[in-house]
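One structure below.
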2 protein chains.
Amino acid sequence: MTRPTPLSGFPEFLPSQRAAELVVIDTLRETFELHGFASLETRHVEPLDQLLRKGETSNEVYVLRRLQEDPDSRDGTDPSSGPGLGLHFDLTVPLARYVLEHQGKLDFPFRRYQIQRCWRGERPQEGRYREFTQADIDIIGRDTLGFDADIEVTEVMAEALSRLPVPPLTLHVNHRKLIQGFYLGLGLDDGAVVDVIRAVDKLDKAGVDGVRRLLLDLGVTEAQADQCLALARIKGTDAGFADEVRALGVQHPQLDEGLDALVTAVEATAHTRSDQFSVVADLQIARGLDYYTGLVFEGRMENLLGTMSICAGGRYDALASDGRSTYPGVGISLGITRLVAPLIGRGLLDADRSVPSAVLVALPDEESRESVRAIARALRARGIPAETAPSAAKYGRQIRHADRRGIPYVWFPGSGGERDSVRDIRSGDQQPADATTWAPPDDDLRPRIVNPSLNPSQGEHA
Amino acid sequence: MTRPTPLSGFPEFLPSQRAAELVVIDTLRETFELHGFASLETRHVEPLDQLLRKGETSNEVYVLRRLQEDPDSRDGTDPSSGPGLGLHFDLTVPLARYVLEHQGKLDFPFRRYQIQRCWRGERPQEGRYREFTQADIDIIGRDTLGFDADIEVTEVMAEALSRLPVPPLTLHVNHRKLIQGFYLGLGLDDGAVVDVIRAVDKLDKAGVDGVRRLLLDLGVTEAQADQCLALARIKGTDAGFADEVRALGVQHPQLDEGLDALVTAVEATAHTRSDQFSVVADLQIARGLDYYTGLVFEGRMENLLGTMSICAGGRYDALASDGRSTYPGVGISLGITRLVAPLIGRGLLDADRSVPSAVLVALPDEESRESVRAIARALRARGIPAETAPSAAKYGRQIRHADRRGIPYVWFPGSGGERDSVRDIRSGDQQPADATTWAPPDDDLRPRIVNPSLNPSQGEHA
């Protein structure tokens, strides 16, 4: 068999890189569970008609066909397999289907997280993959859902992002009603609001003058356009941004409602702010504002990926509807692969070991295998990951075995009544030890993230 | 949208059932990591030529096609997407490909675990699914791999299985060299060994007389056939089985080698034996003996699924080969869905909550939202999963909200200088409490498995 080559768009990691990705995934899961979000895993496959309900995604879907299926059934249908199936391209379509299918057995508001692979047949590039892992949180109500749910998902995702061992992240937040109320308060009519939102969304690409022209073309006056652009420039990491909005002098009940919600979102996440993370009220964020109805979110790793979003979401009035009930929701979707793969690709995210083992138990000779297994067992019984040396090579070679994998400790069984000893192979320090009582420092128990760009002082030791 | 219906062969669970499945998955992962096995996740897609290298699986593969792809490229190939792709049907084919692709960056012996979904287009039935989760452990060497690796994977999987909260499991173990050496020692020639193994494998279906006829048809003598059948009847959960083998009076160096290994495997896993689990030397296990070269494994949940295997594996001389090197390995594959779905389907596996929350913080009135959020935050800061009530309904309704989800504690914020209090809603016991110091008993921190059939005394409380 010849050496296989990577498939473009299907990223894979080496063991220490995977260990770093696992730290990211475990941090997300732990945060979601601390907030009481239930784990959900849906099947990875949905009927094609479900996946294609929104026409614009049709070119991204991978369709499944059983190899032995009648090849003329090109839509993926055959008599034995039922309707055509495709791989899901996000976790929202499966959630909507799951909620409808199981609504009689779910308690609402239904709060769930979901961490799974998704597939899109897009042309691959950095930040865009054909196979990728997403982490979604959503709160789904039946018929009604209080607006405090918007604040709640903001807080959960802010806490999760603030704890990730990655370069600085920001979660930009805006509110549909703030923007809509502002435009209505300016005297624009209902029908113009969505067009104006779409025009302002082009600010990064078209610039201020370009957007002004677009607005004027829509029939907006010069004065109104100035106000729209002034609003879009407002950003803030505390409640102060609200004063800037009010200073523009526009009045509308929806503006007040949206502004209150956005202030609450910023204040409820104040505890997550650090050098590495902040929640920003950003009144330029338009993404999905024409679709979402309350808060709208966009997370970025700006130092590295500019304005590319690594997470996105918002409030929607109807995730699903079955005729009897409507299911409003609010949620955020985090692209784990989109966050992690560029960091790993640039050497900015890795773990200090390629294995979970904190200890390698050395093998003095082949006859000692059973006693060496017993030592490892005693360590594991107290939660210390341990492996045994594969062969009774010279101790120098066994130490190199540990060193190559980043295992910090090598355990030497005592012989002839001598006590066992354990060596920290980073410092060379060796001490007598008993496998039923010794433990490494907590920091050495599990693989740790090494990230020279984040922790320059640690990087020097690497 | 009409109510969706389940897809046959694609099982999905309700939140409390998923919580129970997660306990199973977390137990496996924790055991694998305690033994120093590295987590690996491969892409879920492989080139079709890789998936079809063994012809007999061709009818099980799901082929992928991008919806907008040229429909005449029926093999899943189009100019933009490269070679045809299919979903992997196990985790061994991707491991072999991964090892070859990344061999220059891996340390051997390479010990990894992998917990991922797989797909097979088989006709669905209990224990056979079109989408399912597998948990695999393997140790892969480069050119050589000591036979202690066989013992090691036996020990790891035995520990993992022994810790699972499921009905009794047994891990049946046999050894290719024991069987082969025995047959050679009987005077059968090398070429007959595989045929005899296949004949003896039919014992459950064809019975003793049927197998005897098959053996005689192969040219085996009556006396040899008696010996083959006597060997196949030997089973044991301790080293005593070896005496029964030796009592048959057959001599061969390979028999000794295999017998030693099998005795070691049974002895090295003695610490895992309980009412719920045992490792059984079972000399009738032929599954894969014609393919594997050392130990061979088959796990069963016999009370419930009879001889259907829930895990299987063994030693193989060449997982992969790239012309320069050969990669021998030993591994076991556990069918998580095959284990869990029948239990969940029969109501034999579930968790005591549908959410991770240990505490619901009640909301006295809408004005208290910020202080209620602060209480929940203080609990979470000490690792206690907590959620806040979605609305300021009457306390009776808020308590029912917790009860329906299985949340054991409801927290009542004090008003007007009064202290907070926390109620165990199972017992009704209510105590004053401080969110910065109170903690529930450890057992209440996370969802627990409820399994009336396993714990009849617990079942009475349910």
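Restricting attention to the range A:340-360, which residues are of a type in the set (D, E, K, R) and under 25 Å from A:Met308 (Cα atoms)?
Step one: of the range A:340-360, the residues of a type in the set (D, E, K, R) are A:346, A:350, A:352-353.
Passing the criteria: A:Arg346, A:Asp350.
Looking at the range A:48-95 only, could you name the residues that are more than 21 Å from A:Ser333 (Cα to Cα), in contact with a helix residue (DSSP H, G or I) (Cβ under 7 Å, 6 or more places away or on another chain), modelled with pLDDT of 85 or more and facing chain B (nearest Cβ under 7 Å)? If the condition is that a residue be more than 21 Å from A:Ser333 (Cα to Cα), in contact with a helix residue (DSSP H, G or I) (Cβ under 7 Å, 6 or more places away or on another chain), modelled with pLDDT of 85 or more and facing chain B (nearest Cβ under 7 Å), then A:Val63 is the only one that fits. Summed over the range A:100-117, residues that are hydrophobic (A, V, I, L, M, F, W, C) and either outside the structural domain of A:Leu40 (by TED's automatic domain parsing) or surrounded by 24 or more Cβ atoms within 10 Å (Cβ to Cβ) (or both) total 1.
Has the range B:132-145 got any residue that is outside any helix (DSSP H, G or I), surrounded by fewer than 19 Cβ atoms within 10 Å (Cβ to Cβ), of a type outside the set (D, E, K, R) and within 11 Å of chain A (Cβ to nearest Cβ)? So far as the range B:132-145 goes, yes, one or more of its residues are outside any helix (DSSP H, G or I), surrounded by fewer than 19 Cβ atoms within 10 Å (Cβ to Cβ), of a type outside the set (D, E, K, R) and within 11 Å of chain A (Cβ to nearest Cβ). Kindly indicate whether A:Gly249 is modelled with pLDDT of 95 or more and crowded, with 17+ Cβ neighbours inside 10 Å. The answer is no for A:Gly249.
Just one residue in the set A:Arg353, A:Arg380 is without any contact (Cβ under 8 Å) to a residue 24 or more places away in the chain, among the basic types (Lys, Arg) and on the phi < 0 side of the Ramachandran plot; that residue is A:Arg380.
Considering only residues that are closer than 23 Å to A:Arg120 by Cα and either more than 7 Å from chain B (Cβ to nearest Cβ) or within 15 Å of the chain's Cα centre (by Cα) (or both), which ones fall in the range A:29-47?
Of the range A:29-47, the ones closer than 23 Å to A:Arg120 by Cα are A:40-47.
A:Glu46, A:Pro47, listed by residue number.
If you go through the range A:1-11 one residue at a time, do you hit one that is of a type in the set (Lys, Arg), over 23 Å from the mean Cα position of the chain (by Cα) and either in a loop (DSSP other than H, G, I, E, B) or at the interface with chain B (Cβ under 8 Å from one of its Cβ atoms) (or both)? Let's see the steps before the verdict.
Looking only at the range A:1-11, we keep the residues that are of a type in the set (Lys, Arg), and these are A:3.
If we keep only those that are over 23 Å from the mean Cα position of the chain (by Cα) too, we end up with A:3.
Narrowing further to those that are either in a loop (DSSP other than H, G, I, E, B) or at the interface with chain B (Cβ under 8 Å from one of its Cβ atoms) (or both): A:3.
The answer is yes, given that some residue of the range A:1-11 is of a type in the set (Lys, Arg), over 23 Å from the mean Cα position of the chain (by Cα) and either in a loop (DSSP other than H, G, I, E, B) or at the interface with chain B (Cβ under 8 Å from one of its Cβ atoms) (or both).
Counting residues in the range A:248-261 that are small (Gly, Ala, Ser), touching a Leu at 6+ places or on another chain (Cβ under 7 Å) and on the phi < 0 side of the Ramachandran plot gives one or more.
Just checking: which of the strands (runs of 3 or more DSSP E) contained wholly in the range B:392-462 hold 3 or more residues that are in contact with a Ser or Thr (Cβ under 7 Å, 6 or more places away or on another chain) and either surrounded by 15 or more Cβ atoms within 10 Å (Cβ to Cβ) or modelled with pLDDT of 95 or more (or both)? Write out each step before concluding.
Values: elements: B:409-412, B:421-424, B:430-432.
Of the strands (runs of 3 or more DSSP E) lying wholly inside the range B:392-462, those with at least 3 residues that are in contact with a Ser or Thr (Cβ under 7 Å, 6 or more places away or on another chain) and either surrounded by 15 or more Cβ atoms within 10 Å (Cβ to Cβ) or modelled with pLDDT of 95 or more (or both) span B:430-432.
Matching residues to (1) hydroxyl-bearing (Ser, Thr, Tyr); (2) buried (at least 21 other Cβ atoms within 10 Å of the Cβ); (3) farther than 30 Å from A:Gly383 by Cα; (4) outside the structural domain of B:Asp138 (by TED's automatic domain parsing):
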{"residue": "B:Thr2", "(1), (2), (3), (4)": "yes, no, yes, yes"}
{"residue": "B:Phe10", "(1), (2), (3), (4)": "no, no, yes, yes"}
{"residue": "B:Ile25", "(1), (2), (3), (4)": "no, no, no, no"}
{"residue": "B:Phe32", "(1), (2), (3), (4)": "no, yes, no, no"}
{"residue": "B:Ala38", "(1), (2), (3), (4)": "no, yes, no, no"}
{"residue": "B:Arg43", "(1), (2), (3), (4)": "no, yes, yes, no"}
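Among the residues of the range A:339-357, those that are among the hydrophobic types (A, V, I, L, M, F, W, C), surrounded by 24 or more Cβ atoms within 10 Å (Cβ to Cβ) and in a loop (DSSP other than H, G, I, E, B) comprise A:Leu349, A:Val355.
Within the range A:118-131, which residues are charged (D, E, K, R) and crowded, with 19+ Cβ neighbours inside 10 Å? It would help to see each step written out before you state the result.
Going through the range A:118-131, the residues charged (D, E, K, R) turn out to be A:120, A:122-123, A:126, A:128, A:130-131.
Those that are charged (D, E, K, R) and crowded, with 19+ Cβ neighbours inside 10 Å: A:Arg120, A:Arg130, A:Glu131.
Residues in the range A:352-387 that are within 18 Å of B:Phe110 (Cα to Cα) and under 31 Å from the mean Cα position of the chain (by Cα): A:Asp352, A:Arg353, A:Ser354, A:Val355, A:Pro356, A:Ser357, A:Ala358, A:Pro385, A:Ala386.
Take the range A:322-335 and flag every residue that is surrounded by fewer than 21 Cβ atoms within 10 Å (Cβ to Cβ) and either touching a residue at least 24 places away in the same chain (Cβ under 8 Å) or away from chain B (no Cβ under 12 Å) (or both). Matches in the range A:322-335: A:Asp322, A:Ser325, A:Thr326.
Identify, please: which residue in the range A:356-373 is free of Cβ contacts under 8 Å to residues at least 60 places away in the same chain and among the aliphatic types (A, V, I, L, M) and is, among those, nearest to A:Met157 (Cα to Cα)? I'd like the intermediate steps shown before the answer.
Narrowing the range A:356-373 to residues free of Cβ contacts under 8 Å to residues at least 60 places away in the same chain: A:357, A:360-373.
Now narrow it down to the ones that are among the aliphatic types (A, V, I, L, M): A:360-363, A:372.
Numbers: A:Leu360: 38, A:Val361: 41, A:Ala362: 44, A:Leu363: 47, A:Val372: 45 Å.
Per the stated criteria, the residue is A:Leu360.
The residues of the range A:206-234 that are touching a residue at least 40 places away in the same chain (Cβ under 8 Å), of a type outside the set (S, T, N, Q) and surrounded by 15 or more Cβ atoms within 10 Å (Cβ to Cβ), listed by number, are A:Cys228, A:Leu231, A:Ala232, A:Ile234.
Among the residues of the range A:422-447, those that are under 16 Å from A:Ile384 (Cβ atoms) and among the hydroxyl-bearing types (Ser, Thr, Tyr) comprise A:Thr436, A:Thr437. Of the residues making up the range B:317-361, those that are at pLDDT 95 or above and among the acidic types (Asp, Glu) are B:Asp350, B:Asp352.
If you go through the range A:316-347, how many residues are more than 14 Å from the chain's Cα centre (by Cα) and under 25 Å from A:Ile140 (Cβ atoms)? Please lay out each step first, then the result.
Restricting attention to the range A:316-347, the residues satisfying the condition of being more than 14 Å from the chain's Cα centre (by Cα) are A:316-330, A:344-347.
After this cut, where a residue has to be under 25 Å from A:Ile140 (Cβ atoms) as well, the list is A:316-330.
Residues flagged as more than 14 Å from the chain's Cα centre (by Cα) and under 25 Å from A:Ile140 (Cβ atoms) within the range A:316-347 amount to 15.
B:Gly313 - would you say it is crowded, with 24+ Cβ neighbours inside 10 Å, within 23 Å of the chain's Cα centre (by Cα) and within 14 Å of another protein chain (Cβ to nearest Cβ)? For B:Gly313, the condition - crowded, with 24+ Cβ neighbours inside 10 Å, within 23 Å of the chain's Cα centre (by Cα) and within 14 Å of another protein chain (Cβ to nearest Cβ) - is not met.
The values are calculated or read from the model by the stated rules, or taken from the named source; none is laboratory data. Quick caveat, the model's predicted, so the values are computed rather than measured. Note that we place each Cβ from the backbone using ideal geometry, even for glycine, and neighbour counts take in every protein chain shown.
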